[in-house]
Amino acid sequence: MESTTNNVTELIFVGLFQDPEVQRVCFVVFLLVYLATVVGNGLIVLTVNVSKSLHSPMYFFLSYLSLVEITYSSTVVPKFITDLLTKIKTISLEGCVAQIFFFHFFGVTEILLLVVMAYDRYVAICRPLHYMNIMSRQLCHILVAGSWLGGFFHSIIQILITIQLPFCGPNVIDHYFCDLQPLFKLACTDTFVEGVIVLTNSGLIALCSFLILVSSYIVILFNLRNHSVEGRRKALSTCISHIMVVLLFFGPAIFLYMRPSSTFTEDKLVAVFYTVVTPMLNPIIYTLRNAEVKNAMRKLWSKKNSGME
C-alpha cells in the first residue's frame, strides 16, 4: 500500500487554456486582478483599523472578511498566474494537499464570516436599542474566532480523507489548481464514498449557510417597513452590498457542487470567477456603496498627503 501511495510525487495541471498567446494575455489580466484584490482588500483592512469612525462591529467583520479575501485568493492565484508562463505546470503531491487545505480553510471561513455579518445586520436593524449590548466586543471576537475554527475543522476533514488515498498514476489533473474532485479522479481506488463525504461536507456548509443568509435578509427586509425613510435607505444600502457579495460567492459554488462533476471548460471558467474575480469585487462593492468607508479613506488619503508635504 505504501509503495502505491508514493508512486506519484508530482502532479501536472492541464491548465485553463492551451494556446500560449491566450495564456500570455490571461497572465497580464489575472496579474492585474490579483494586485487589485490585494491592494483593494488591504486598503479596507488598513482603513478600518486606523479610522476612529469605523469601530463598529460591522466594520470589524468587514476588515476580517477583506483579510480572508487576500489569503483565500493567494492560495490559488499566484501559482496559477506563474503557471500561465510555463509549458509544463507541476506541483508536488504535498503542495497539492496543502493548496486544498488552505483553499477550503479560507473559503469556509469566508462563508461563516458572511453569516456572522448577516447576523450583525439583523441585530442592528431588528434590535437597534439592544445592538451595542448584544454585539459586544467579546462576542465579535468569539464570532470571528468561530469562523476561523469552523473553516479549520472543515478543512481537516477534507484532508484526512484525501491523504489516505493511494495515487499510482496517471498524474495529470484536468484543472488549473488542486481541488478534491479532480484529485480523486487520479486515485487508484474507488473514491465514491470519499466523494460523497466530501460533497456532503462542502455542500451542507454551503447550503445551510446560504439558507440562513437568505432567511436573515428576508426577516431584515420585512422589519425595515417599520423604519423611517432615511433609516430604510441606509439599511437597504448596506444589506444590498451584503446580498451582492453573497450571490457572487455562492452562485458559482452552488453551480459547481450541486451537480455531477465533469471536466467541462465551463467548470474551470466558473472556478476562475470565484477564485480570481470575486475576491477583487468585494472591496469594490463594499466601498462604492458605503459613504462612511469612502469618507474614512478620503481622510486617510488627505492625512497621508499632508504628512508627505
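Structure summary
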| item | result |
| --- | --- |
| The stretch 73-195: equivalent-ellipsoid semi-axes (sqrt of 5 x gyration tensor eigenvalues, Cα, Å) | 38, 17, 11 |
| At least 24 Å along the helix axis (C-alpha) and Kyte average at least -0.5, DSSP helices within the chain | 20-50, 57-74, 93-126, 137-162, 192-223, 229-257 |
| Cysteines in the chain that, by Cβ-Cβ distance, have no pairing candidate under 4.7 Å | Cys26, Cys126, Cys140, Cys208, Cys239 |
| Stretch gain in nm, segment Val22-Trp301, where the contour uses 0.36 nm per residue and the Cα spacing is subtracted | 96.7 nm |
| For the chain: relative contact order, % (alpha-carbon pairs under 8 angstrom, 6 or more apart) | 28 percent |
| Gyration tensor (alpha-carbon) shape descriptor, the stretch 1-90, a/c threshold 1.5 | oblate |
| Proximal charge balance of Thr238 [Cβ under 9 Å; K/R count +1, D/E count -1] | +3 |
| Cβ-Cβ FRET estimate between Val277 and Val50, R0 fixed at 25 Å, reported to 0.05 | 0.35 |
| Computed [θ] at 222 nm, helices only, for the chain once each DSSP H run of length n ≥ 4 contributes -39500 (n - 2.57) | -24500 deg cm²/dmol |
| Cut-off under 5 Å, modelled amide H: who pairs with Val172 long-range | Ile12 |
| At 1.567 mPa s and 4 °C, Stokes D of the stretch 10-306 from Kirkwood alpha-carbon radius, µm² per second | 63 µm²/s |
| Selected from Pro279, Ser66, Leu236, residue furthest toward positive end of dipole (the chain; charges at beta carbon) | Leu236 |
| Residue-level accessible surface for Ile163, protein heavy atoms, 1.4 Å, Å² | 100 Å² |
| Proximal lysines to Lys294, defined as alpha-carbon separation beneath 25 angstrom and excluding residues fewer than eight positions away on the same chain | Lys52, Lys234, Lys303, Lys304 |
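The values are calculated or read from the model by the stated rules, or taken from the named source; none is laboratory data. Treat the numbers as computed from the prediction; the structure is a model and nothing was measured. Every residue, glycine among them, receives a Cβ derived from its backbone with ideal geometry; neighbour counts consider all protein chains shown. Heads up: the accessible areas ignore ligands, DNA and RNA and are worked out on the full protein's heavy atoms, side chains in. Shrake-Rupley method; radii C 1.70, N 1.55, O 1.52, S 1.80 Å.
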